[in-house]
Amino acid sequence: MDIHAPHQPVHSWRDFFTHIVIITIGLFLALMLEAGVDWLHHRHIVREARDNIREELNGNHANAQKDLVYIQDEIDRTKADLATIRKLRADQKNFKGSLEYIMRFSSFDSAAWTTARETGALGYMPYKEVQDDDGLYTEQQMVNDQAVAIFRRQSLDMTPMFMEDSSTDVPAARIETLLHDTAATLIELKTLQQLVQQYDAACVAQLKKYQP
């Protein structure tokens, strides 16, 4: 914004006040124009942030629906594994069977939320809206972390079976460990199932608020 001195000399107080009024009006219009440009810019980045978050939540909702199917499948497999381990414990010498640990999970994305925060768009959105979104993304991170923890647990559950050449060589104490750890995995899977159900319900509720 540039302010220039009057080109004509000031001969009277009237000329002086006339120039002051002209300058004041010019400054006012310039400031109003600048404020209008800023308002339009802020409105644009907020609209873009909302569109991105809504699209991301739609994707996360779809992933949650798939995950609930995956988790139930794994719960069923884990129950079958527990039954197999009990057979191994009961008759280790004549045991025939196999254990299956397969974990599928579609993690939830947060790129749109992170971008909105880093670009400053959240600062122009209503506090309640930001608070609700923040709570939802915090919840989804907890779900992602729980899924990763189960992946790690499952990879270690089979340790006793890999320590020996054959299932008939596994010491009884290690079979008990295998049974215990697999049961613990089942508990964590059921916990994850509840977390995904709660998250998905919250996701759907938040999406309704973003309806145009």
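The values are calculated or read from the model by the stated rules, or taken from the named source; none is laboratory data. Computed from a predicted model, the values in this text were never measured in an experiment. Please note: Cβ atoms are built from the backbone with ideal geometry, for glycine as well, and neighbour counts cover all protein chains shown. Quick note on the areas: whole protein, heavy atoms, side chains included, nothing else; ligands and nucleic acids left out. Shrake-Rupley method; radii C 1.70, N 1.55, O 1.52, S 1.80 Å.
List of remarks:
- P(r) tail for the range 98-212: Cα pairs beyond 16 Å make up 69% of the total.
- Its convex hull of Cα atoms gives the range 105-166 a direction-averaged projected area, equal to a quarter of the hull surface, of 5.5 nm².
- Protein accessible area in the range 64-212, 1.4 Å probe - carbon and sulfur %: 53 percent
- Met158 sits among other residues whose Cβ lies under 12 Å from its own Cβ, and their net charge, with Lys and Arg +1 and Asp and Glu -1, is -3.
- Remark: accessible surface ordering of Phe151, Phe105 (largest first) is Phe151, Phe105, probe radius 1.4 Å.
- In this structure Ser110 has an accessible area near 50 Å², from a 1.4 Å probe over the protein heavy atoms.
- Here Asp51 and Asp73 are evaluated by their C-beta separation; at R0 = 41 Å the FRET efficiency comes out at 0.75.
- Applying 1/(1 + (r/R0)^6) with r as the Cβ-Cβ distance of Lys190 and Glu129 and R0 = 41 angstrom yields a FRET efficiency of 0.80.
- Straight-line reach from Lys87: taking Cα to Cα under 20 Å and skipping same-chain neighbours fewer than 8 places apart, the lysines in range are Lys79, Lys96.
- Entry for the range 169-212 at q = 0.19, 0.30, 0.31 Å⁻¹: log10 I(q)/I(0) = -0.67, -0.93, -0.95, Debye formula applied to identical alpha-carbon scatterers, no solvent contribution.
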